[in-house]
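Peer 1: Pasting a structure here, questions to come.
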Amino acid sequence: MAGAGHEDAALSFDPLRPKLMRVAYRMLGSGADAEDIVQEAFIRWMGADRVAVREPEAFLRRTVTRLCLDQLKSARRQRETYVGPWLPDPVVEEEEDQDVTLPLMLALERLSPLERAAFLLHDVFGLAFEEVAATIQRDPAACRQLATRARTHVREARPRFRVEKERGIELAKAFFTASRSGDMKALGAMLAADVSIHSDGGGKRPAAMQPVIGFDAVMKVHEYLAVLFQKNGSNLVRAGFVNGLPGFVTLEADGELQTTALEIEDGKVAAIYVVRNPDKLRHLH
């Protein structure tokens, strides 16, 4: 009977798993943590009175969101002791995701857990405030205020200029070629004046401990890196969209993968996000 119950629960749960993973990942910025949350939601689904649940998707979305809110409390403590800049786990896809790009996910980090939940559920996933209220256990008016405050904080992080897919991939490949070949003239022509580099090594691989800001500083970093690339190599694995931004995956000289995502504004690279922490790249293998 237990096996039959598990099979019955999985039958109704599995079609919803991708949506639940999307909610959990957007809330937490960690693929591994999102998987743990969704698995915990499944365990609770197996123990629930499923016959009495009229809308399984709403029930499970509420469960996942509440579990994420609990997780965010400990996640914030972990981020305070994280070595160097923290970036969300890279999700590499063939198509761009304009809903929640990497800069927006970083902006969400500055919100309270409830603001983050209200914004994502209403502005990104399109839920009515009544449903948001039922999910985070606040009244609709409070949820509207939470979403409004969140919107104010993240407004600048939403893309103002949409980069066409082909152009985005073209820019990513050109950036890879220029940065690895040492063609500083070509690379410089791609960069905005206030360009920045944000690299996440998590203390496990070499990476800048602070963001590198400004054209001259970024160019110096790439001049140094170009010498290393000429000696040790850096191979392109694939180009695509990394957390909604044009980018690529590379295999570096130490045998580890790395992702690079490019924030494009007015046709120029405004920010470069590099994830080197091997814990955040295992799923790409």
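The values are calculated or read from the model by the stated rules, or taken from the named source; none is laboratory data. Just so you know, these numbers come straight off a predicted model, no measurement behind them. In this analysis, Cβ positions are derived from the backbone assuming ideal geometry, glycine residues included, and neighbour counts consider all displayed protein chains. Side chains are part of the model used for accessible areas, which takes the heavy atoms of the whole protein and leaves out ligands, DNA and RNA. Shrake-Rupley method; radii C 1.70, N 1.55, O 1.52, S 1.80 Å.
Peer 1: Could you work out the per residue convex hull volume over the alpha carbons of the range 82-134, in cubic angstrom?
Peer 2: Each residue corresponds to 102 Å³ of Cα convex hull volume.
Peer 1: Hey, another quick one. Please report the net charge: other residues with Cβ closer than 13 Å to the Cβ of residue 283, K and R +1, D and E -1.
Peer 2: Value of the local net charge: -3.
Peer 1: Related question: Using alpha carbons only, how many degrees (0 to 90, rounded to 10) separate the axis of helix 56-80 from the longest principal axis of the chain?
Peer 2: 50 degrees
Peer 1: With Cβ to Cβ distances under 11 Å as the rule, what net charge do the other residues near residue 199 carry (K, R +1; D, E -1)?
Peer 2: Residues near residue 199 contribute +1 overall.
Peer 1: Angle, helix 17-28 long axis vs. longest principal axis of the chain, Cα atoms, 0 to 90°, nearest 10?
Peer 2: Roughly 60 degrees, rounded to the nearest 10.
Peer 1: Which log10 I(q)/I(0) values does the range 152-285 give at q = 0.09, 0.12 Å⁻¹ under the Debye formula, counting every alpha carbon as one identical point scatterer?
Peer 2: Taken in order of the listed q values, log10 I(q)/I(0) reads -0.24, -0.44.
Peer 1: What FRET efficiency comes out for residue 11 versus residue 123 if R0 is 35 angstrom and r is the Cβ-Cβ distance? Round to the nearest 0.05.
Peer 2: For residue 11 and residue 123, the calculated efficiency is 0.65.
Peer 1: Sticking with this structure for a sec: Assigning unit charges at the beta carbon (Lys, Arg +1; Asp, Glu -1) and nothing else, what dipole magnitude in debye, to the nearest 20, does the chain show about its Cα centre?
Peer 2: So the magnitude is around 560 debye.
Peer 1: Suppose the chain between residue 73 and residue 210 were pulled fully straight at 0.36 nm per residue; how much longer would it get relative to their current alpha carbon spacing?
Peer 2: Value of the extension gain: 46.9 nm.
Peer 1: May I ask for the angle, rounded to the nearest 10°, between helix 2-13 and the longest principal axis of the chain, with both axes built from Cα atoms and the value confined to 0 to 90°?
Peer 2: Once rounded, one gets 60 degrees.
Peer 1: Given the whole protein assembly as supplied and a 1.4 Å probe, what does the accessible area of residue 33 come to in Å², nearest 10?
Peer 2: Rounded to the nearest 10, the figure is 40 Å².
Peer 1: Continuing with the same structure: Using a 1.4 angstrom probe on the protein heavy atoms only, could you order 83, 212 from most to least accessible area?
Peer 2: The ordering from most to least exposed comes out as 83, 212.
Peer 1: Turning to a different aspect of this structure: Tally Lys/Arg at +1 and Asp/Glu at -1 over every other residue whose Cβ is under 10 Å from the Cβ of residue 270; what's the total?
Peer 2: My count for the surroundings of residue 270 gives -3.
Peer 1: Where does the chain land on the Kirkwood hydrodynamic radius, alpha-carbon pairs, in angstrom?
Peer 2: 20.3 Å
Peer 1: In whole Å, what is the distance between the alpha-carbon centres of the range 177-201 and the range 63-118?
Peer 2: Taking the Cα centre of the range 63-118 as reference, the centre of the range 177-201 is 26 Å away.
Peer 1: Could you tell me the accessible area of residue 177 in Å² (1.4 Å probe, neighbours in place), rounded to the nearest ten?
Peer 2: 80 Å²
Peer 1: Additional query: Using only the alpha carbons of the range 1-144, what is the convex hull's orientation-averaged projected area in square nanometres?
Peer 2: Spelled out: convex hull of the Cα atoms, projected over all directions, averaged, 9.9 nm².
Peer 1: Which order do you get for 220, 185 if you rank them by accessible area with a 1.4 Å probe, largest at the top?
Peer 2: These residues rank, largest area first, as 185, 220.
Peer 1: What whole-number value in cubic angstrom gives the convex hull volume per residue for the C-alpha atoms of the range 5-68?
Peer 2: 70 Å³
Peer 1: Helix-only estimate, please: 222 nm mean residue ellipticity of the chain, summing -39500 (n - 2.57) across DSSP H runs of length 4 or more and dividing by its residues, to the nearest 500.
Peer 2: -16000 deg cm²/dmol, from helical runs alone.
Peer 1: In whole Å, what is the distance between the alpha-carbon centres of the range 130-157 and the range 222-283?
Peer 2: 35 Å
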